[in-house]
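I have placed the structure first, in the form of structure tokens, so that the comments after it can refer back to it.
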Amino acid sequence: MSEWEAKIAILRKHFEAKGYRVHSGLQFGCELVLYADDPSKVHSDFCVHLVRDDDFLDWKQMQVLVRSMPDLHKTLILAKICYEDDTIDHTGERKAIVQELALATEHAPFRHKKHKIEVGGQIKPPK
């Protein structure tokens, strides 16, 4: 497993521990998408982008992600993995810390909705 794949696995575990169902975000241009319930019942609410170790954020990629989130009805989460230098977890690995920053926009078509959509509130219509 590459270092990048290991970090994606850490992110996956982090968000699963928060109660989300976690899937690949490849179709949305990010690493992961988060579902508040069964993906057959609800749409995902969040796209997660993993920030590189050197903290470099490609402004073009951020522009594309931030501008596409309202059309996708998602909130973008930038995530960074940090490690505690001398803390070892129960598996013998350095303890990972996930830092999160959620970027939400009020895109004009959604600004004047009469009701607020809660996480997990994007219910799919019955088939």
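Computed from the coordinates by the stated procedures, all read-outs in this text should not be read as laboratory data. Just so you know, these numbers come straight off a predicted model, no measurement behind them. Backbone-built Cβ (ideal geometry, glycine too); neighbour counts: all protein chains shown.
Please report the relative contact order for the chain, taking Cα pairs under 8 Å with a sequence separation of at least 6, and give it as a percent rounded to a whole number.
Numbers: 177 pairs, mean separation 27.8, N = 127.
Once divided by the residue count of the chain, the mean separation gives 22 percent.
Can you give me the angle between helix 3-17 and the longest principal axis of the chain, using Cα atoms only, in degrees from 0 to 90, rounded to the nearest 10?
For helix 3-17, the angle is close to 60 degrees.
Can you pick out the pairs among 18/80; 18/60; 74/95; 13/60 whose Cα atoms lie more than 19 Å from each other?
Pairs exceeding 19 Å: 18/60; 74/95; 13/60.
So which cysteines of the chain have no other cysteine's Cβ under 4.7 Å from theirs?
Here 82 come out as lacking a disulfide-compatible partner, given the Cβ-Cβ threshold of under 4.7 Å.
List, in order, the whole-Hz ³J(HN,Hα) value for each residue of region 28-44 obtained from phi through the Karplus relation with A = 6.51, B = -1.76, C = 1.60 and θ = phi - 60°; use x for Gly and Pro.
Using θ = phi - 60°, the values come out as 10, x, 9, 7, 9, 10, 10, 10, 7, 8, 4, x, 7, 9, 10, 7, 6 Hz.
With labels modelled as points extended 7 Å from the Cα through the Cβ direction, what inter-label distance (nm, one decimal) is found for residue 4 paired with residue 95?
Taking the two extended label points, one gets 3.0 nm.
Test of understanding: in a Gaussian network model of the chain with alpha carbons linked when under 10 Å, which of 103, 57, 72 would top the mean-square fluctuation ranking?
Comparing 103, 57, 72 in the GNM, the peak value goes to 57.
Going by alpha carbons, how many degrees (0 to 90, nearest 10) lie between the helix axis of 59-72 and the longest principal axis of the chain?
Long axis of 59-72 versus the principal axis of the chain: about 40 degrees.
Per residue, what volume in Å³ does the Cα convex hull of the chain take up?
133 Å³
Of 56, 28, 15, which is the most mobile in a GNM of the chain whose springs link Cα atoms less than 10 angstrom apart?
56
Please give me, ordered by residue number, the trypsin sites (Lys or Arg not before Pro) of region 42-92 that lie in loop per DSSP and have at most 15 other Cβ atoms within 10 Å.
When the trypsin sites (Lys or Arg not before Pro) of region 42-92 are filtered for loop state and at most 15 Cβ neighbours within 10 Å, 52 remain.
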